[in-house]
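The values are calculated or read from the model by the stated rules, or taken from the named source; none is laboratory data. Only a predicted model underlies this, so the values are computations on that prediction, with no experimental measurement involved. Ideal geometry is used to build each Cβ from the backbone, glycine not excepted, and the neighbour counts take in all protein chains shown.
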Amino acid sequence: MFRLSGGRALLRSVNTLGRRTYAEAAGDFLKLQFALPHQTLFAGSKVTQVNLPAQSGQVGILANHVPTVEQLSAGVVEVFEGSSSKKFFVSGGFATVQPDSTLSINSVEAFPLDSFSQESVRSLVAEANKNASSSDEKVAAEAAIQLEVLEALQAALK
Amino acid sequence: MFLRSGANCARSVAGPARTFATLREIEMRLKSIKNIEKITKTMKIVASTRLSKAERAKVTAREYSSAERQFYDSAETKPLEGEGQKKDLVIAVTSDKGLCGSIHSQLSKAVRIYLEKTPNADVVAVGDKVKTQLLRTHSDRVKLAFNGIGKEAPTFEESSLIANKILQLGGGNYSKISIFYNDPVSSLSFEPRVKPVFNEAAIEQSPSFAKFEIDADSKVSQDMFEFTLANQILAAMADGYAAEISARRNAMDNASKNAGDMINKYSILYNRTRQAVITNELVDIITGASSLG
């Protein structure tokens, strides 16, 4: 329903618009299931909006969103509960919107954004950069994936 | 060794003559049972302490896999049919360690029954126990086997490595993939269960797939299949691990109880025999003394 296709600037403007719609969408909430293999972050709790880093671009999900399946790339999942919001950095995964307005996010790893330290990210980037030019194909490929995640993390931390 | 000495003891109980030698034997046997009881008690305590961790892992893994299950339920995904030439794949999830009752053999039994019904199914064995049991009867069907499973609560890393190997084997080409695992029904019982994993063609041909708005060109269904495979293997491993730990706890509990019963029985037998030996010796001494006097 409020599907936003790509573009952070667009997202920002719709964010404020999304906030204005809270009043009229007060009756029906989005049920969020946010699960990791080793931990359950949200188990069917009611939230107002969730922003997802989908591979097709940033997506904001409100209640009664059309059923869809989105593949997530490394980025920030932002969960709005009323006026407060929680930010999680995910490494990737899948998000599914069910017909009954349930959003299921399956991710391999997710941590609150404020639990990351800028310095260690920077040193990891330096290390990954070194490995990316390795002659061993496997090491280089792994480093490229690392870089992708770390750059997304760096951008999110700024 | 135990068998033989057990048989000897049995004879000594039945026979009227009790000599000093059997007393020694009974003493040795009593000691060995006491040692076994100590070991089984310790194993039970170890299993009990692991149980809570295993239960937690099971609950989170279930929550994790149920999110996906909902998608397949609302899309009404079914395994593809009418493709007789394509093969079935069975993933049997157990672990490497025994001493936990019949949990592994029950799973192999379920797999075996399935294999009898579907002659063109291949097997991937996760864990040494199911591998050795299936190799005995269906050695040509086992395509891939993993060990080193079930020492600790399973992690996503393990399951994704297993899923990766299965995909390298051509996991996507099987028309139907079933995961066999032990489901802990309660803390006292378990049951071998089967759950399906759908490949990308099955996902795309789901009757209610059109309900979902999905980019057709971004290969969502293929990635989804691979991700689901790893997730479902993880959930099966977590369920199996919890079932195994509670089964081991129960098995060790029963073993300790049985050992306790045996210890009681043998202590009585030991004391009686000792008493008999003393009486015999007394009789000897008294008859000797009276014949002298």
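For the criterion of being in a loop (DSSP other than H, G, I, E, B) and either of a type in the set (A, V, I, L, M) or not assigned by the TED database to the domain that holds A:Pro53 (or both), A:Ser123 fails. Per the listing B:Lys53, B:Lys97, the residue uniquely in contact (Cβ under 8 Å) with a residue 12 or more places away in the chain, within 14 Å of chain A (Cβ to nearest Cβ), surrounded by fewer than 19 Cβ atoms within 10 Å (Cβ to Cβ) and within 18 Å of B:Asn182 (Cα to Cα) is B:Lys53.
Does segment A:112-119 include one or more residues that are at pLDDT 90 or above and either on the phi > 0 side of the Ramachandran plot or surrounded by 18 or more Cβ atoms within 10 Å (Cβ to Cβ) (or both)? Checked against the condition, which is being at pLDDT 90 or above and either on the phi > 0 side of the Ramachandran plot or surrounded by 18 or more Cβ atoms within 10 Å (Cβ to Cβ) (or both), segment A:112-119 yields no hits at all.
Got at least one residue in segment B:77-86 being at positive phi and within 14 Å of another protein chain (Cβ to nearest Cβ)? No - not one qualifying residue is present in segment B:77-86.
In segment B:191-213, which residue that is surrounded by 19 or more Cβ atoms within 10 Å (Cβ to Cβ) and at the interface with chain A (Cβ under 10 Å from one of its Cβ atoms) is nearest to the chain's Cα centre (by Cα)? Among residues in segment B:191-213 that are surrounded by 19 or more Cβ atoms within 10 Å (Cβ to Cβ) and at the interface with chain A (Cβ under 10 Å from one of its Cβ atoms), the one nearest to the chain's Cα centre (by Cα) is B:Ile203.
Of all the numbered requirements in (1) under 30 Å from B:Val59 (Cβ atoms); (2) surrounded by 16 or more Cβ atoms within 10 Å (Cβ to Cβ), A:Leu124 misses one, and that requirement is (1).
Reported count of residues in segment B:214-225, each being more than 8 Å from every other protein chain (Cβ to nearest Cβ) and within 13 Å of A:Asn106 (Cα to Cα), is 0. Considered as a group, the residues in segment B:30-50 that are buried (at least 18 other Cβ atoms within 10 Å of the Cβ) and among the β-branched types (Val, Ile, Thr) include one that is nearest to the other protein chains (Cβ to nearest Cβ), and that residue is B:Thr40.
When B:Ile179 is tested against the conditions (1) over 21 Å from the mean Cα position of the chain (by Cα); (2) touching a residue at least 60 places away in the same chain (Cβ under 8 Å), the lone failure is (1). Residues of segment A:42-64 being away from chain B (no Cβ under 14 Å), β-branched (Val, Ile, Thr) and in a strand (DSSP E or B), which ones? Result: A:Val47, single match. Just checking, which of B:Ile39, B:Ile91 is without any contact (Cβ under 8 Å) to a residue 12 or more places away in the chain, out of contact with any Ser or Thr (no Cβ under 6 Å at 6 or more places or on another chain) and of a type in the set (A, V, I, L, M)? After applying the criteria, what remains is B:Ile39. When each of B:Met237, B:Met252 is tested for being in contact (Cβ under 8 Å) with a residue 12 or more places away in the chain, within 14 Å of chain A (Cβ to nearest Cβ), of a type in the set (A, V, I, L, M) and part of a helix (DSSP H, G or I), the lone residue that passes is B:Met237. Among the residues of segment B:63-118, the ones that are more than 30 Å from A:Ala35 (Cβ to Cβ), outside any helix (DSSP H, G or I) and of a type outside the set (Val, Ile, Thr) come to 11 in all. Listed here are the strands (runs of 3 or more DSSP E) enclosed by segment A:67-120 that have at least 3 residues being touching a Pro at 6+ places or on another chain (Cβ under 8 Å) and at the interface with chain B (Cβ under 8 Å from one of its Cβ atoms), and there are none.
Please verify whether segment A:94-102 includes one or more residues that are farther than 19 Å from B:Ser218 by Cα, crowded, with 23+ Cβ neighbours inside 10 Å and not basic (Lys, Arg).
The answer is no, given that none of the residues of segment A:94-102 is farther than 19 Å from B:Ser218 by Cα, crowded, with 23+ Cβ neighbours inside 10 Å and not basic (Lys, Arg).
For A:Ala141, the conditions (1) surrounded by 12 or more Cβ atoms within 10 Å (Cβ to Cβ); (2) more than 30 Å from B:Ala67 (Cβ to Cβ); (3) of a type in the set (A, V, I, L, M) all hold with the exception of (2). Within segment B:80-122, if we keep just the residues that are farther than 12 Å from B:Arg141 by Cα and among the acidic types (Asp, Glu), the residue that is modelled with the highest pLDDT turns out to be B:Asp96.
Please tell me if B:Leu229 is more than 30 Å from A:Asn64 (Cβ to Cβ), out of contact with any Leu (no Cβ under 6 Å at 6 or more places or on another chain), surrounded by 15 or more Cβ atoms within 10 Å (Cβ to Cβ) and within 11 Å of chain A (Cβ to nearest Cβ). Judged against the criteria, B:Leu229 is not a match.
Of all residues in segment A:16-41, those being in contact with a Phe, Trp or Tyr (Cβ under 9 Å, 6 or more places away or on another chain), part of a loop (DSSP other than H, G, I, E, B) and modelled with pLDDT of 75 or more number 2. Residue count for segment B:182-231, restricted to those that are among the hydroxyl-bearing types (Ser, Thr, Tyr) and free of Cβ contacts under 8 Å to residues at least 12 places away in the same chain: 3.
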